[in-house]
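Here's the structure, in structure tokens; my notes come after.
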Amino acid sequence: MSFLGIDLGTSGLRALLVDDTGAPIGATERHYEAAHPKSGWSEQDPADWIAALEGAVAALKAAHPEFAGLKGIGIAGHMHGATLLDAGDKVIRPCILWNDTRSHAEAALLDGIEKVRDLSGNIVFPGFTAPKLEWVRTHEPQNFARIAKVLLPAAYLNLYLTGDHVADMSDSAGTSWLDVGRREWSDYLLEKGHMRRDQMPRLVEGSARAGTLGAGLAHKWGVGDNVAVAGGAGDNAAAACGIGTMDEGQGFVSLGTSGVILAARRGYSPAPSTAVHTFCHAVPDRWYQMGVMLSATDSLNWLSRITGEKPAALTTALGEDLGPPGSVRFLPYLSGERTPHNDAAIRGAFTGLGADTRREDLTRAVLEGVAFGLRDSFEALKATGAQLESLIAIGGGTGSRYWLKFIATVLGVPLRLPAGGEFGAALGAARLGICAAMGADPQVVMTMPDLGATIAPDEGLRAAYDEAFARFRAAYPAIRATQ
């Protein structure tokens, strides 16, 4: 038996084939681009997702005979994206992505409506789905009038696989249409967002069976006629499933395009005033909370583009010793910020530049600024009652041990790395596929991986970085006032 986990990311799709124990058999990736037709806009053509999925499946099928024994599929996707379909399931316009900030005015209006935060458990952020639809209603009324269904990116792949409009709780919690505590669509929230329940997909738990792979695809892919498709998950919920972050005291830090610190919670205790996100987990009777910064590795990638040096070369040039805080400060708000500022308009800045500033100083400032941005989220999570004595570190940015030392020291907690690498959201999605196909208990399947290296805080530098973090926080209102 084999199981397929799909991680539909912002810049590419990763497909992971595992056996019935969750051990990897093979993996492949396909990449695509986002379009930015205007400043602050970010869109994608859902056809690119389908092409990437088919390309990945063809590669796995050709390389691994175990693919023929496929029994279950799980999809994890980047959250909040608005994929608009007409009555014939045709895509009306490009999907508006999570990092698109055009609907900041609509988000503020929705956020100010009575009971919206109480029911959704969250601030209505510009990146969420509901304000995107309000923007379409105002600026593209001809498209709004055609909408028969609104699907998140992962749900769109589920439609392709099963022919059904179905979504899971964790992904749907980021729309501002879900009653996150009750785990069901809220007629009140839909009404305030000028949407209807019939425009929403059917809801299932992420580990439940959402449907069966369509006969045409099953034949094309050379698999059996009873391949289960799980409800799936939002990308961070799936990553939590992949590393066994299911209970109180368990959490991770993710260094991807965005930066995330996530804590699993047994109960539902939202704290929207902190700008922490409170969402359903991908398994029943669990929730999670996370702080999100919009530009984590994206900040380093930006510096890479303007200097002409690869990110790895930039960080390698810093050596291995951390050292005290630098004189150059970087505010990592290249695309606005969520936690704790909820500010779509703020933009990044360097301060403390001098004639003697070198490229290494800029690199160090970027790494330091991202670490401070993550601490903003860490402090906001602690304010909700989350207690995290250590964190598992995942994501592409974990390839830099220097950066991990920065983050461990700034947060004041050890960072633990999965041994032998990890597959993050793709592994979590595959585990959801196992649960859906086999009826397995998620608590048994979603185990923690073997852990390898531990990156401890540099206690001798903690006080200096605490002071530097205080200066970082003080810089926000000053820089905001100039923009």
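Fewest first, what order do His64, His36, His78 take by the number of other Cβ atoms within 10 Å?
The fewest-first ordering by Cβ neighbours comes to His36, His64, His78.
Want the number for Lys220 to Met448: 0.36 nm per residue separation, take away the alpha-carbon distance, what's left?
78.6 nm
Name the long-range amide H neighbours of Leu388: under 5 Å, sequence gap of 5 or more, or other chain; modelled H, no Pro or chain starts.
none
Residue-wise, which Karplus ³J(HN,Hα) couplings in Hz belong to the range 193-205, taking 6.51 cos²θ - 1.76 cosθ + 1.60, θ = phi - 60°, and x for glycine or proline?
x, 6, 10, 10, 4, 5, 8, 9, x, 5, 9, 9, 5
Sequence-distant or interchain residues sharing an amide H contact under 5 Å with Thr212, placed H: which?
Amide H neighbours of Thr212: Val229.
Can you work out ³J(HN,Hα) from phi for every residue in the range 183-192, in order, using Karplus 6.51 cos²θ - 1.76 cosθ + 1.60 and θ = phi - 60°, giving whole Hz and x for Gly and Pro?
6, 7, 4, 9, 4, 5, 5, 4, 4, 5
With the crude spin-label approximation of a point 7 Å out along Cα→Cβ, what separation in nm comes out for Ala108 versus Ile50?
Between Ala108 and Ile50, the simple spin-label model gives 3.9 nm.
Enumerate by residue number the trypsin sites (Lys or Arg not before Pro) in the range 14-119 meeting two conditions: DSSP loop (anything except H, G, I, E, B), and at most 11 other Cβ atoms within 10 Å of the site's Cβ.
Hits after loop and neighbour filter: Lys38, Lys90, Lys115.
With an 8 Å Cα cut-off and a minimum separation of 6 or more residues, compute the relative contact order for the chain in percent.
Here the relative contact order equals 16 percent.
Given points 7 Å out from each Cα along the Cα-Cβ axis, report the Ala470 to Ser11 separation in nanometres with one decimal.
For Ala470 paired with Ser11, the spin-label model returns 3.7 nm.
Quick one: helix 424-438 against the long Cα principal axis of the chain, what's the angle to the nearest 10°, folded into 0 to 90?
The two axes meet at around 30 degrees.
As a test of the formula, what do you get for the chain when each DSSP H run with n ≥ 4 contributes -39,500 (n - 2.57) and the sum is divided by the residue count, at 222 nm and rounded to the nearest 500 deg cm²/dmol?
One gets -10500 deg cm²/dmol as the mean residue ellipticity at 222 nm.
Select from Ser103, Ala429, Ile123 the residue farthest towards the positive end of the dipole of the chain; place +1 on Cβ of Lys and Arg, -1 on Cβ of Asp and Glu, and compute about the Cα centre.
Value computed over the given set: Ser103.
Excluding residues on the same chain fewer than 8 positions from Lys115, give the lysines whose Cα lies under 21 Å from its Cα.
Within the straight-line limit of under 21 Å, Lys115 reaches these lysines: Lys132, Lys192.
How would Asp100, Asp168 line up from fewest to most surrounding beta-carbon atoms within 10 angstrom?
Asp100, Asp168
Would you kindly derive the ³J(HN,Hα) couplings of the range 239-249 from the backbone phi angles with the Karplus curve 6.51 cos²θ - 1.76 cosθ + 1.60 (θ = phi - 60°), listing them in order in whole Hz, with x for Gly and Pro?
4, 4, 5, x, 10, x, 8, 10, 10, 3, x
Work out, step by step, the length gained on full extension between His194 and Ala355: first 0.36 nm times the residue separation, then minus their alpha carbon distance; give nm to one decimal.
Between His194 and Ala355, full extension yields 52.5 nm more.
With angles folded into 0 to 90 degrees, how steeply does helix 401-411 sit against the dominant principal axis of the chain? Use alpha carbons for both and round to 10.
80 degrees
Write down the Å³ per residue value for the convex hull defined by the alpha carbon atoms of the range 262-398.
133 Å³
Counting only C-alpha contacts under 8 Å and six or more residues apart, can you give the relative contact order of the range 2-243 as a whole percent?
20 percent
In which sequence would His277, His80 go, from the one with the fewest C-beta neighbours within 10 Å to the one with the most?
Ordered by Cβ neighbours within 10 Å, fewest first: His80, His277.
List the equivalent ellipsoid semi-axes of the range 2-243 in whole Å, largest first, each obtained as the square root of 5λ for an eigenvalue λ of the Cα gyration tensor.
The three semi-axes for the range 2-243 are 31, 18, 16 Å.
Every read-out reported here was derived from the displayed coordinates using simple, explicitly stated rules and does not represent laboratory data. Fair warning: this is a prediction, and the values are worked out from it, not measured in the lab. Methodologically, a virtual Cβ is constructed for each residue, glycine included, from the backbone with ideal geometry; neighbour enumeration extends over all protein chains shown.
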